[in-house]
Amino acid sequence: MPASIPDKMKAAALDRFGGPEVLGIKTVSVPTCGEDEVLVRVAAAGIGAWDWMEREGQMAEMIPGGPKFPYVPGADGAGEIVAVGKNVKDHQVGDQVYGSAFMSSKGGFYAEYVVVKADQAAKIPKGLKVEQAATLAADGLTALEGLEDHLHLKAGERLLIFGANGGVGHMAVQFAKRLGAKVLAVASGEDGVELARRIGADAAVDGRKGDLAKACRDFAPDGFDAALVLASGDAAEKALQHMSKKGRIVWPNGVEPAPKVPEGIQAKAYDGIPGGDVLKRMNALIEAGPFHLEIGRIYALEEAAKAQQEVLKHHLGKYAIRIQ
């Protein structure tokens with residue numbers, strides 16, 4: 001490795017699984033770059049609504065070989081490639097990239113350096129700042145895979161997005177519009193409705209205080225063709241009563257409890273899975289025109305535990321951590 005890459009780095013890491021108090025600043029070894037991997041000097045990391053589950057150990061069985069401590073969380077982020085493995089063809093040192101290290105045995109993005117599989121990294125799309133790109137590889141691909149790979153959304157279809165003001169939701173609104181769909185965005189709060197309208201939803205309604213049934217009837221009198229459900233509860237259940245008989249419903253795994261689906265409607269849960277193909281598709285859609293990625297707040301690395309708690313409260317878009 002070049003001399004400019006240190007042996008040690010600063011990270012927000014855990015010595016054991018548990019509550020917010022177990023996440024603190026530690027000095028850990030910089031991970032080694034494998035033959036099919038890139039080493040990224042991290043500029044910013046995304047904060048996922050599921051990060052608390054990772055911190056508590058609920059995902060430990062998903063880590064190849066099991067968790068090793070100190071454990072560095074952080075599913076996605078962005079920065080500059082500082083080393084590439086010998087089998088890597090599509091990336092080079094100096095590239096500005098975003099990527100996924102979800103459940104990596106070598107640690108995540110809450111650190112100054114991270115190793116990412118080459119096919120799980122992509123160049124930062126034109127027009128996005130590094131803090132915005134840091135939030136793409138989990139929420140962005142979850143949005144796009146839900147729409148394209150699972151709902152098989154077609155131009156002209158009427159789509160319900162429930163939970164449209166969050167990280168996945170506000171990106172899904174914009175991807176769906178670029179795919180030619182008509183979108184009713186169900187958001188939370190006046191600020192959420194305003195964001196949904198600003199990013200191009202054809203109609204938007206507050207899922208808690210608005211007349212949801214009327215909004216659904218007015219928007220899709222013959223029923224929705226498709227629905228992406230990103231939050232569950234009574235309001236989601238009521239909105240899903242407005243599906244057409246041939247409608248399709250999907251939600252990412254982690255939406256708890258799973259939505260109650262009307263009888264006879266095609267429905268399934270899915271995982272957002274990173275890979276070169278979906279990252280390329282996502283970049284092409286983002287670069288097709290102005291794309292708004294809402295960053296509600298940026299934290300310091302030392303505030304990682306606080307960020308993991310605050311992302312569970314009402315907010316718009318995504319939260320990020322600035323690393324360096």
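Evaluate region 209-221: report whether one residue or more is in contact with a strand residue (DSSP E or B) (Cβ under 6 Å, 6 or more places away or on another chain), under 30 Å from ALA122 (Cβ atoms) and buried (at least 18 other Cβ atoms within 10 Å of the Cβ). No: region 209-221 contains no residue that is in contact with a strand residue (DSSP E or B) (Cβ under 6 Å, 6 or more places away or on another chain), under 30 Å from ALA122 (Cβ atoms) and buried (at least 18 other Cβ atoms within 10 Å of the Cβ).
Of everything listed in (1) open to solvent by 10 Å² or more (accessible area, probe 1.4 Å); (2) part of a strand (DSSP E or B), the single unmet condition for PHE17 is (2).
Each row is one residue, and each column tells you yes or no for (1) in a strand (DSSP E or B); (2) open to solvent by less than 10 Å² (accessible area, probe 1.4 Å); (3) among the basic types (Lys, Arg).
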| position | (1), (2), (3) |
| --- | --- |
| PHE69 | no, no, no |
| GLY74 | no, yes, no |
| GLY77 | yes, yes, no |
| GLU80 | yes, no, no |
| VAL88 | no, no, no |
| VAL93 | no, no, no |
| PHE102 | no, no, no |
| SER105 | no, no, no |
| PHE109 | no, yes, no |
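Every residue, every condition in (1) touching a residue at least 24 places away in the same chain (Cβ under 8 Å); (2) open to solvent by less than 20 Å² (accessible area, probe 1.4 Å); (3) in contact with an Asp or Glu (Cβ under 6 Å, 6 or more places away or on another chain), yes or no:
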position	(1), (2), (3)
SER232	yes, no, no
ALA235	yes, no, no
LYS238	yes, no, no
HIS242	yes, no, no
LYS246	no, no, no
ALA258	yes, no, no
VAL261	no, no, no
TYR270	yes, yes, no
MET282	yes, yes, no
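Residues checked against (1) within 23 Å of ALA288 (Cα to Cα); (2) touching a residue at least 40 places away in the same chain (Cβ under 8 Å); (3) in contact with a Leu (Cβ under 7 Å, 6 or more places away or on another chain):
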residue: ALA181; (1), (2), (3): yes, yes, yes
residue: GLY189; (1), (2), (3): no, yes, no
residue: GLY192; (1), (2), (3): no, yes, yes
residue: ALA196; (1), (2), (3): yes, no, no
residue: ALA213; (1), (2), (3): no, no, no
residue: PRO221; (1), (2), (3): no, no, no
residue: PHE224; (1), (2), (3): no, yes, yes
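Considered as a group, the residues in region 115-144 that are assigned to a strand (DSSP E or B) and out of contact with any Pro (no Cβ under 7 Å at 6 or more places or on another chain) include one that is surrounded by the most Cβ atoms within 10 Å (Cβ to Cβ), and that residue is VAL116.
The values are calculated or read from the model by the stated rules, or taken from the named source; none is laboratory data. Note that the coordinates shown come from a computational prediction; the quantities given were computed from them, not determined experimentally. So basically every Cβ, Gly included, is an ideal-geometry build from the backbone, and we count neighbours across all protein chains shown. These area figures cover heavy atoms from the full protein model, side chains too; ligands, DNA and RNA do not enter into them. Shrake-Rupley method; radii C 1.70, N 1.55, O 1.52, S 1.80 Å.
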